[in-house]
Amino acid sequence: MSPTKRPKERIGVYVCHCGSNIAGVVDVAEVSAWAGKELEQDGVVVARDYKFMCSSLGQELIERDIKEKGLTRVVVAACSPHLHEPTFRAACARAGVNPYLFEMTNIREQDSWVTTDKIEATKKAKALIAAAVGRVAYQKPLESLYVPIDPNVLVVGGGVTGIQAALEIANSGQHVYLVEREPSIGGHMAQFDKTFPTLDCSACILTPKMFDAGNHKNITLLTWSEVEKVEGYIGNFTVTIRKRARYIDESLCTGCGVCWEKCPKKVVDPVFEAGLGYRKAVYVPFPQAVPKYPVIDRENCTYYLKGTCKACEKFCPTGAIKFDQQDEILTVKVGNIILATGYDLFDARKIPNYGYGRLPNVFTSLEFERMTNAAGPTLGKVVLRDGVTQPKSVAIIHCVGSRDKNYNNYCSGICCMQSLKFAHLVKEKTGGEVYQFYIDMRTPGKTYDEFYQRIIQEGANMIRGKVAEITDTARHPSEEGKLIVQVEDTLVGKQRRIPVDMVVLSAGLEARADAKEVAQKFGISCSADDWFIERHPKLDPVATMTDGVFVAGACQGPKDIPASVAQGAAAAARVLSIIGQGEIEIEAATAIVDEATCVGCKECIASCPYQAIQYLEDKGKAYVQEALCKGCGTCVGTCLPKSISLKHFTDEQIVAEMIGAMQTMKSFETVEAA
Amino acid sequence: MYEPKIIGFLCNWCSYRGADTAGMARMKYPPNVKIIRVPCSGRISPELVLRTFREGADGVMVLGCHIGDCHYSTGNHRTAKRMPVLKKLLEYSGIESERLYINWVSAAEGEKFATVIKDFTEQISALPPFVETMK
Amino acid sequence: MSDRLSSLRETIEKILPDVDGVIALRTGPGGIVAPYLFSKEHPGELAELALWPKEPVPDTLKIILRAHPDAKLAIVCRGCEERGIVEMFKHAQFSLENVTLIGLQCDQQEVESCQCFKPFTVHAKLTVGQPVEGVRDPLMAKVMAMSQPEKLAFWKEEFSHCIKCYGCRNICPQCFCNICALEDEKWVETGRLPMPNPSMYHMVRAMHMTAKCVGCHECEETCPADIPMAVQFRLIARDVKEMFNYEPGAVMDQKPPQLLVLEEGEYENTGLPH
Ligand SMILES: Cc1cc2nc3c(=O)[nH]c(=O)nc-3n(C[C@H](O)[C@H](O)[C@H](O)COP(=O)(O)OP(=O)(O)OC[C@H]3O[C@@H](n4cnc5c(N)ncnc54)[C@H](O)[C@@H]3O)c2cc1C
Ligand code: SF4
Ligand code: SF4
Ligand code: SF4
Ligand code: SF4
Ligand code: SF4
Ligand code: FES
């Protein structure tokens, strides 16, 4: 029966009733009696059934048998190993049997719950137990490997999430490298004037955090920088960072602002001003920027384009302008990584019938944010595209590009609240009419619905319906010179055309355009919508499938500031808990090469998803770096002479398991034939 | 009629959990498939499948995570390349290639799992027992 | 043939002073043709240079390079042999840094005798002879035309003659493993002849030849039972080319596809469900 000579082991088999969950369908007494008798020649010395194997009494049963009957291997037939494998492994360990000498087979989720015929279910349980018994004798004790944790941490993205995470970690005394691609940290939040639901001033609450992050002794702030390469594994990442040339000597620059005052080149700022305002070719995106040093935008700088100008250099009082500065490549070592790269705004141009880009007085939400910002391009005045006229009526359209099968199917989460915030700001700043066009109103946060009530009180018109079109073609003299919002008002049950002066599109949140590339760089995955995937949506929301890489904030999915900050702090806590352990246990079931037989063909090396296998030039053999190996076994499936094997899933074990099941099924046939 | 003997190699992260999901929803399906849990569908070498046939299995299933969802990122890409070749070899050797079944079942797809098991069991029942081929 | 022989001799004579040796065929004592290492020390031996019958020279190259890794060598190779050398190189069996390939293009008669699909070299800078078109092994079509039970019966009959001498594996330039899965009881029944049906020995080997078999026919030629086992490898090679655009030995730096992630559009070719 065995693939090679079967090791002599003393095996205990335990069949769980799980109350009536299993026993109601599978004849557990019959199964355990059968195992005790029929599997005796395979080493089974005791087989029992018990009401609840996972209870402390059930576990004690195993522990007692290990001690009294000298069991060397244990098989439990019960629920899914995803539920109770750790429970029984621990019980074995307590009684002195290595946890990897335990095997669990699933006769509940994969038998009693899915099989109608009781006799068939009982037979299936026998086959599954025979399979487990078949394999368990070949199992080998494994010891977990521990690797030390480098206490330094990399945080990628300096929005409110990344700042929060960096501060939490830095305050605990660990060192953080905070890498931000833009010239300043702050992210989207820095663009806003007021934040829902409290309407407190965004800058007032964010700037102090930005300042702390910029001046913390435990934070190395690398703005205008990007991560190029990540190598290694939890505890031991080596990260290559490109610090792009600012063309400014940071040690000389005082941030006085003379350079951008004197720079003659005005450029539309598509990032921070969302295209609504201008900046210079040498610039800081906003006055409270951290760090205070400007960058020269090489693409637009007259000197780089035409070879002359250098106005900034002439006027800089400290001689900090350095036109010949080069990108710097830094290599840092960290033990953990937090990704907080945020989101992009849905491009409203993709919905042509909303007219963004064609109809001048259709604005995006981010444009509107900049408009209401006292430090923004209109100095906080709500005005039409001409820059002077105050609108008398404003339409705010919800769910632009969200909850729409043609664009993004999901709810962007923040737009209802953000639209209500806009309604308030319009009322406050212009006193004009506000129309909200919504599909459903979603205000599930703390004090969010109260905010909604308040906006209704303030007199916003709420119209339930998905806007079909925004047009400037008047059908009636009263529509002349207006933007007309065409909608089916589902509360009144009729089509309406509402003329307004200004339309604001509450565009949804999307994953960053480069999310896939970033995910690949850090070895994590993206959902179908390109949001980073967390390890578990409920129970492990900030970890990822890659140990040591965490995600927080809007890069994991649409969320507002409170949720982003909470995730930033949560990711920091996870990282600090790992650092606190000093070392971390890594996968024990890793691959291993038998050097004596390996022919050095490199096939396994090419097939490993984690580049965990090295080629030893001197020996001409493959070698698995245990700390990198995740135990998938792809290499084993590849190797032709079978010189590489995966611990705990060896060919021997799998074949023995398969044979156990096959032989039992065949034995039923013989019985039936007889 | 005979009761086909089928071995299913299921990856631990998606398909095995998909089978659990079917169980939690109490979906019913035939008992013929005996599941063997492996870390990733990429672990399944052609030799393991062939050995299973040699043991007299009437059908073999290899189920993994959907392409793009493999717990080990791209382990199943190798499955998607190896297994079709093995199916071809079965065909060229005169063995019904439908005896080897490859599909992707996520942890959430309990219903798909149950359907896949039902359909495959039926499909195999329509073929003669593999022992006939081995004669 | 004599034409090719003399121009090959000239080519070798030209390169001989610059290398430590040239691997080519030689008619030895008793008229036996075998691979030989010609050297500048014994230029006269080139009189015994031979072309045919072909021998598995990739293995000879490997043996010599293993013993003398720094040797500067040239090797006369036909299309299939060149492919064999390239695949061995890809599998890190030796380095080609100091190796000069001399391509020997097969003539029509040789192509007929081998039923070779690609009887010419593509990498060798030096070549001798005019390339001719390859042919498709007619047995491929014949097997494809059989019904499933006919295929089963065909191979059952063929493999019932197999004496499991391991000759096909031993001669194959791509079967370079130190230990072999075919000798492992886990995968292949040991000690049973005629081998059980279906033949695990031949199926495992067929899988191992995926994206590896270069179509040299050495295995079939060496088989004492005249079994055309490599027809299966050729059929699979055709599929691998269609599905993953890979042809053994064709491109120096292309890795075997089954080791790599799926490329854009490849999944659609696999016939797997969506
Ligand atoms: C119009 C609008 C109004 C809103 N108003 C409110 C409100 O009033 N209240 C509220 O609670 N929420 C509001 N939100 C939601 C709020 O913007 C987000 O919750 C919050 O900004 C998420 O923070 P974050 O740090 O995760 O992402 P972001 O703010 O997007 O920050 C991400 C940072 O990472 C950087 N980055 C990206 N990729 C890389 C990379 N590869 N390498 C290095 N750096 C990178 C970016 O430059 C950026 O600085 C609003 C959203 C919108 C669109
Ligand atoms: S695939 Fe196998 S033989 Fe080849 S290098 Fe890897 S372990 Fe060695
Ligand atoms: S088991 Fe997977 S991760 Fe480990 S070396 Fe093999 S292929 Fe790489
Ligand atoms: S050479 Fe022929 S007889 Fe020998 S093992 Fe191969 S197929 Fe069988
Ligand atoms: S399997 Fe046969 S034809 Fe193919 S490379 Fe090997 S010896 Fe040549
Ligand atoms: S049959 Fe497979 S294991 Fe054996 S030598 Fe050939 S490639 Fe290696
Ligand atoms: S883990 Fe499921 S296929 Fe790889």
query = Would segment B:71-82 turn up any residue that is in a loop (DSSP other than H, G, I, E, B), more than 8 Å from every other protein chain (Cβ to nearest Cβ) and at pLDDT below 95?
reply = no
key: Among the residues listed as A:Ala543, A:Ala552, the single one being buried (at least 18 other Cβ atoms within 10 Å of the Cβ), at negative phi and away from chain B (no Cβ under 14 Å)   = A:Ala552
task = Taking A:Ala573 as meeting all but one of (1) more than 11 Å from chain B (Cβ to nearest Cβ); (2) open to solvent by 10 Å² or more (accessible area, probe 1.4 Å); (3) without any contact (Cβ under 8 Å) to a residue 60 or more places away in the chain, write down the number of the exception.
result = (3)
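Scanning for something facing chain C (nearest Cβ under 7 Å) and touching a Leu at 6+ places or on another chain (Cβ under 7 Å), does segment B:41-54 turn up at least one residue?
Yes.
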task = Kindly indicate which of B:Glu96, B:Glu3, B:Glu111 is within 11 Å of chain C (Cβ to nearest Cβ) and among the acidic types (Asp, Glu).
result = B:Glu96
query = Restricting attention to segment B:43-55, does a residue exist that is open to solvent by 10 Å² or more (accessible area, probe 1.4 Å), in contact with a Phe, Trp or Tyr (Cβ under 8 Å, 6 or more places away or on another chain) and away from ligand 7 (no atom under 16 Å from the Cβ)?
reply = yes
inquiry  = Return the residues of segment A:8-50 that are surrounded by fewer than 15 Cβ atoms within 10 Å (Cβ to Cβ) and assigned to a loop (DSSP other than H, G, I, E, B); say none if nothing qualifies.
reply    = A:Lys8, A:Gly19, A:Ser20, A:Gly24
key: Qualifying residues in segment A:247-281 (those that are among the aliphatic types (A, V, I, L, M) and farther than 25 Å from A:Met371 by Cβ) - the one least open to solvent (accessible area, probe 1.4 Å)   = A:Ile248
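Could you check how many residues of segment C:133-169 are β-branched (Val, Ile, Thr) and within 11 Å of chain B (Cβ to nearest Cβ)? Break it down into steps so the answer makes sense when it comes.
Start the filter on segment C:133-169 by keeping residues that are β-branched (Val, Ile, Thr), which leaves C:135, C:143, C:163.
Okay, now just the ones that are also within 11 Å of chain B (Cβ to nearest Cβ), so C:143.
Looking only at that region, the number is 1.
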ask   = Scanning segment A:117-153 for residues that are within 30 Å of A:Thr238 (Cβ to Cβ) and modelled with pLDDT of 95 or more, which turns out nearest to the other protein chains (Cβ to nearest Cβ)?
value = A:Leu142
note = Taking segment A:216-249 and keeping only residues that are at pLDDT 95 or above and part of a loop (DSSP other than H, G, I, E, B), one is left with A:His216, A:Lys217, A:Asn218, A:Thr223, A:Trp224, A:Arg244, A:Ala245, A:Arg246, A:Tyr247, A:Asp249
message = Cβ-Cβ distance below 8 Å, separation of 6 or more or different chains: which pairs start in segment A:613-642 with a residue that is of a type in the set (Phe, Trp, Tyr) and in a strand (DSSP E or B) and end on one that is at pLDDT 95 or above and within 16 Å of ligand 7 (Cβ to nearest atom)?
response = none
key: Selection status of C:Met200, aliphatic (A, V, I, L, M), farther than 28 Å from C:Met252 by Cβ and either within 10 Å of another protein chain (Cβ to nearest Cβ) or within 15 Å of ligand 5 (Cβ to nearest atom) (or both)   = yes
query = Can you find even one residue in segment C:34-42 that is among the hydroxyl-bearing types (Ser, Thr, Tyr), free of Cβ contacts under 8 Å to residues at least 60 places away in the same chain and buried (at least 17 other Cβ atoms within 10 Å of the Cβ)?
reply = yes
query = Among the residues of segment A:57-96, how many are more than 31 Å from the chain's Cα centre (by Cα) and either assigned to a loop (DSSP other than H, G, I, E, B) or more than 19 Å from A:Glu143 (Cα to Cα) (or both)?
reply = 22
key: Residue under evaluation A:Phe286, criteria (1) open to solvent by less than 50 Å² (accessible area, probe 1.4 Å); (2) outside any loop (DSSP other than H, G, I, E, B), criterion not met   = (2)
request  = For segment A:354-361, state whether one or more residues are in a helix (DSSP H, G or I) and outside the structural domain of A:Glu228 (by TED's automatic domain parsing).
outcome  = yes
remark   = The residue that is nearest to B:Asn76 (Cα to Cα), considering only those in segment B:14-31 that are surrounded by fewer than 24 Cβ atoms within 10 Å (Cβ to Cβ) and more than 7 Å from chain A (Cβ to nearest Cβ), is B:Thr21
task = Kindly indicate which of A:Ala589, A:Ala569, A:Ala606 is more than 16 Å from ligand 4 (Cβ to nearest atom) and under 23 Å from the mean Cα position of the chain (by Cα).
result = A:Ala569
task = Report, ordered by the first and then the second residue, all pairs with beta carbons closer than 8 Å, sequence separation of six or more or different chains, a first member in segment A:581-598 that is among the small types (Gly, Ala, Ser), and a second member that is surrounded by fewer than 16 Cβ atoms within 10 Å (Cβ to Cβ).
result = A:Gly582/A:Pro148; A:Ala588/A:Glu143; A:Ala588/A:Ser144; A:Ala588/A:Leu145; A:Ala596/C:Asn178
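The values are calculated or read from the model by the stated rules, or taken from the named source; none is laboratory data. Worth saying up front: this structure is predicted, and the values here are computed from it rather than measured. Positions of Cβ are backbone-derived with ideal geometry, glycine not excepted, and every protein chain shown enters the neighbour counts. The area values use the complete protein model at the heavy-atom level, side chains included, leaving out ligands, DNA and RNA. Shrake-Rupley method; radii C 1.70, N 1.55, O 1.52, S 1.80 Å.
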